[in-house]
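What follows is a short report on a single structure.
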Amino acid sequence: MTGATWGLVASIFVASIVEFVEALTIVLAMGVTRGWRSAIAGVVAALVALVAFTFATGYALRTWMPESLLQLAVGTLLLIFGLQWLRKAVLRSSKLKALHDEEEEFAAQTAAARQAAANSRFGIDTFAFVVSFKGVFLEGVEIVFIVITFGLSADNMPAAIGGAVVAGILVLIVGVILHKPLAMVPENTLKYGVGLLLAAFGAYWAVEGLGVFIGDGESLEWPGGDWAILALLAAWVIVSRVMVGILPGVKAKRKEVVAR
């Protein structure tokens, strides 16, 4: 395995850990308050829907797009997705946005579940089923998106899938053992790291895909090959840390202007 492949697997593993932890918190809250049968039914339904979504999306991208256009499309989407994660991480690091807390999220979910009216069909609690389905499906779509874009762009789907599967198994095992939200996971730090990795890989593949507009339409090559990913990662680290340093001052100046 090359360094780029290891980076791909690490990126998917860390991103998947974050998404699986958030999905686990939702399912735990529904299972504890409304019943495990309904919560698990929602999880199973979401997994079936995710399999269909994954197959349809992966097949469409692989079949309908030439390699360079595929790199441009998924690289751009991955860059946008990564910058969203990075923006939130920068705001949290700047103390301009509250840190995400799984215990608080669990408390909020359980409170909502207790207040919801009782309504069941075929022996399944509707509220627990819908919330579990929605939580697992939405978090799962983000994992699927990352796996497909990384896997297709790097032409290594087995490594991409493997990183997500290992993350899912690890979170599931720890969740079953502890039977509580995984608040010990440094989720905010992980999200910062994932944002950096997604932005770096996204920029790398998006630029390679620009070759679709040039000459024979073949993908462009970065100077230094895969090593360019490390340079891009370093650049995003510098940019993000600069933003963390200046944003509090910008906010303070805005408050002064408003006060005047």
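The values are calculated or read from the model by the stated rules, or taken from the named source; none is laboratory data. If you're wondering where the values come from, they're calculated on a predicted model, not measured in any experiment. When we count neighbours, we look across all protein chains shown, and the Cβ atoms used for this are built from the backbone with ideal geometry, even at glycine. Accessible surface areas use protein heavy atoms only, side chains included; no ligands, DNA or RNA. Shrake-Rupley method; radii C 1.70, N 1.55, O 1.52, S 1.80 Å.
Here the chain is treated with +1 on each Lys and Arg Cβ and -1 on each Asp and Glu Cβ, and its dipole about the Cα centre works out to around 1280 debye. Dividing the Cα radius of gyration of the chain by 2.2 N^0.38 Å, with N the residue count, gives 1.13.
How far is helix 36-64 tilted, in degrees, relative to the longest principal axis of the Cα atoms in the chain, given as a value from 0 to 90 rounded to the nearest 10? On a 0 to 90 degree scale, this one is about 20.
Remark: the stretch 38-170 projects, on average over all directions, an area of 10.5 nm² (convex hull of Cα atoms). Within the accessible area of the stretch 3-259, the carbon and sulfur atoms contribute 70%, probe 1.4 Å, all protein chains present.
Comparing Ala116, Ala29, Ala206 in a Gaussian network model of the chain, where Cα atoms under 10 Å apart are tied by springs, the biggest mean-square fluctuation is seen for Ala116.
For the chain, the longest principal axis of the C-alpha atoms and the axis of helix 126-153 are separated by about 20°.
Please determine, in degrees from 0 to 90 and to the nearest 10, the orientation of helix 102-115 with respect to the longest principal axis defined by the Cα atoms of the chain, where the helix direction is its Cα long axis. Helix 102-115 sits at roughly 40 degrees to that axis. Mean residue ellipticity at 222 nm, helices only, the chain: -28500 deg cm²/dmol; runs of at least 4 DSSP H residues each add -39,500 (n - 2.57), and the sum is divided by the number of residues. Largest mean-square fluctuation among Trp236, Trp64, Trp36, in a Gaussian network model of the chain whose springs join Cα atoms under 10 Å apart, belongs to Trp64. Over the chain, Cα pairs under 8 Å with separation of 6+ residues give a relative contact order of 37 percent. Convex hull volume of the C-alpha atoms in the stretch 52-126, normalised per residue: 154 Å³.
Among residues other than Val74 with Cβ under 13 Å from its Cβ, the summed charge is -2 (Lys and Arg +1, Asp and Glu -1).
Using a Gaussian network model of the chain in which every pair of alpha carbons under 10 angstrom is joined by a spring, one finds that among Thr57, Thr149, Thr110 the greatest mean-square fluctuation is at Thr57. Take the chain with all the other protein chains still there, run a 1.4 Å probe, and you get 53 Å² of accessible area per residue.
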